[in-house]
């Protein structure tokens, strides 16, 4: 059984009609790559997360369009970025940056961290639990991170458009 603990609550996505996301990009710039092997095990993780975010976010062009850059900077198992041969990890960390009107610097950026707890650890109210295989666990982490990113968007996009 796993539970995903994000820095945000998992709530349904709702956003003002006038605000659209015109571009989403996810990349990985893992800190100290010589001491991190997650991308060797999971070379498609950025594409997988981006694909899941696109499923959750309104994409299109509007007068108030916003671009989103997600930078993954740490994938770890209990803080260790050298994953074991079993390829297990329980944390994905990164930064969400919001851009507007083609600006080269972000209007706002937020840290994002999603952690999974396994076994007998207490599961908070509102969290979904599953019995994971390696593939299930990977999928749950990818979807959980994408949902945590998408959950930030409604309020953040409204704030950005007001600026």
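What follows is calculated from the coordinates using simple rules that are stated; it is not laboratory data. Predicted model only: the values in this text are computed from it and were never measured. Don't worry about glycine lacking a Cβ; one is built from the backbone with ideal geometry, like all the others, and counts go over all protein chains shown.
Results, tabulated for the structure shown:
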read-out	value
Residue 110 paired with residue 34, simple spin-label distance in nm, labels 7 Å along Cα-to-beta-carbon	3.6 nm
Simple label model, 7 Å out from Cα along Cβ direction - residue 136 to residue 87, nm	1.7 nm
Simple label model, 7 Å out from Cα along Cβ direction - residue 47 to residue 78, nm	3.3 nm
Contour minus Cα-Cα distance for residue 25 and residue 56 (0.36 nm per residue)	9.8 nm
